[in-house]
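The values are calculated or read from the model by the stated rules, or taken from the named source; none is laboratory data. Keep in mind that what you see is a predicted model, and the values were worked out from it rather than measured. We place every Cβ from the backbone using ideal geometry, glycine too, and count neighbours over all the protein chains shown.
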Ligand code: UT7
């Protein structure tokens, strides 16, 4: 039995929001944003665009990249913190929009770590031989949950979706999933959250006035936790797999802040092979790692057998590192 990632894709909406655009909205500067985050632009969806629209485009591109059709998919998993609605799941909406035949479809929520949570789940389901070909999507319309009056957060986020097609074959013994650490620490959840909207804090005018339906973050604390948890998880995963840093072809860390990416890369010893695109897209939550993978894949920079070290961190607090074989 073999399990491989056979297709990648991503989608960002056309509209680009630059740092100088943000200078007109909040008290900030291009110089501050670039020096503190590395971000220059991010893509923002139209009001009428839903997360499922972003996810559908990304999914379509990944299915095409795999050389398959929607009829080949028998599992759809969408990671999102901005579902179209509480129910039905965004996965079932994407299934319908893509014309995928009836099959298991569900959402997961692990914030920016969602795509890596999803890969762990999808891999386990394929390995158990319950399904053959999974479409895994990480997608978020973060512009809809951004407090556009808070300069410490609104400069960070962008809208996007990315997708992977993961397939089990009955020939060969290749398994893309080499080793992983996938974890969470709910005791520290208050550093990064959207407190309102759910059953604990139903929609209300008070909630709107208190910005309870938008992302609230303790930036410096989140920064610190992101660096520590991603670099520790990377080292643990390399140790589990008996792999040293010189054997890794590419490293992809969640694209939240260029300084976080550099700090993780330095600690893990992979500064010369760390992929970066946060300057163009900002923090796109669970889409970010899939966008990096797709850019590497389509630009021909991945060779069969390459080891790719991935790491992510997000609300929950959640984190993961996964060593993947291309
Ligand atoms: O994807 C989930 C994970 N999220 C992250 O990983 C994000 C992690 N955190 C960060 O990326 C950084 O903490 C931020 C980019 C959010 C903030 O950068 P920082 O270097 O940690 O800045 P800070 O929050 O310590 O703020 C320093 C100063 C403050 O002013 P005072 O109090 O020193 O006068 C802020 O008010 O910078 C000010 N500031 C800004 N100034 C201009 C905060 N945001 C801005 C801004 N423009 N946009």
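Here is a list of conditions, (1) at pLDDT below 95; (2) under 21 Å from the mean Cα position of the chain (by Cα); (3) more than 20 Å from residue 317 (Cα to Cα), and residue 195 meets all of them except one; can you say which number that is?
(3)
Would you mind telling me which numbered condition in (1) closer than 19 Å to residue 115 by Cβ; (2) within 15 Å of the ligand (Cβ to nearest atom); (3) part of a helix (DSSP H, G or I) residue 227 fails?
Answer for residue 227: the failing condition is (1).
Looking at the range 288-302, can you tell me whether even one residue there is within 11 Å of the ligand (Cβ to nearest atom) and not in a loop (DSSP other than H, G, I, E, B)?
Taking the range 288-302 as the starting set, the residues that turn out to be within 11 Å of the ligand (Cβ to nearest atom) are 288.
After this cut, where a residue has to be not in a loop (DSSP other than H, G, I, E, B) as well, the list is 288.
Yes, the range 288-302 contains at least one residue that is within 11 Å of the ligand (Cβ to nearest atom) and not in a loop (DSSP other than H, G, I, E, B).
Any residue at all in the range 211-221 that is away from the ligand (no atom under 16 Å from the Cβ) and touching a residue at least 24 places away in the same chain (Cβ under 8 Å)?
Within the range 211-221, the subset away from the ligand (no atom under 16 Å from the Cβ) is 212-213.
Right, trim to touching a residue at least 24 places away in the same chain (Cβ under 8 Å) and you get 213.
Scanning the range 211-221, I find at least one residue that is away from the ligand (no atom under 16 Å from the Cβ) and touching a residue at least 24 places away in the same chain (Cβ under 8 Å), so the answer is yes.
For residues that are in contact (Cβ under 8 Å) with a residue 60 or more places away in the chain and either outside any strand (DSSP E or B) or over 18 Å from residue 288 (Cα atoms) (or both), tally how many sit in the range 1-16. First the steps, then the outcome.
Step one: of the range 1-16, the residues in contact (Cβ under 8 Å) with a residue 60 or more places away in the chain are 1-13.
Filter again for either outside any strand (DSSP E or B) or over 18 Å from residue 288 (Cα atoms) (or both), leaving 1-4, 6, 12-13.
Total satisfying the criteria: 7.
In this structure, does residue 86 turn out to be modelled with pLDDT of 95 or more, more than 16 Å from the ligand (Cβ to nearest atom) and assigned by TED's automatic domain parsing to the domain that holds residue 161? Can you show your working first?
Values: modelled with pLDDT of 95 or more: no; more than 16 Å from the ligand (Cβ to nearest atom): yes; assigned by TED's automatic domain parsing to the domain that holds residue 161: yes.
No.
Please go through the range 66-88 and pick out each residue that is more than 26 Å from residue 158 (Cβ to Cβ), in a loop (DSSP other than H, G, I, E, B) and touching a strand residue (DSSP E or B) at 6+ places or on another chain (Cβ under 8 Å).
Passing the criteria: 67, 68, 73, 74.
Can you work out which of the residues in the range 17-49 that are within 8 Å of the ligand (Cβ to nearest atom) and not in a loop (DSSP other than H, G, I, E, B) is nearest to residue 143 (Cα to Cα)?
Per the criteria, the residue is 22.
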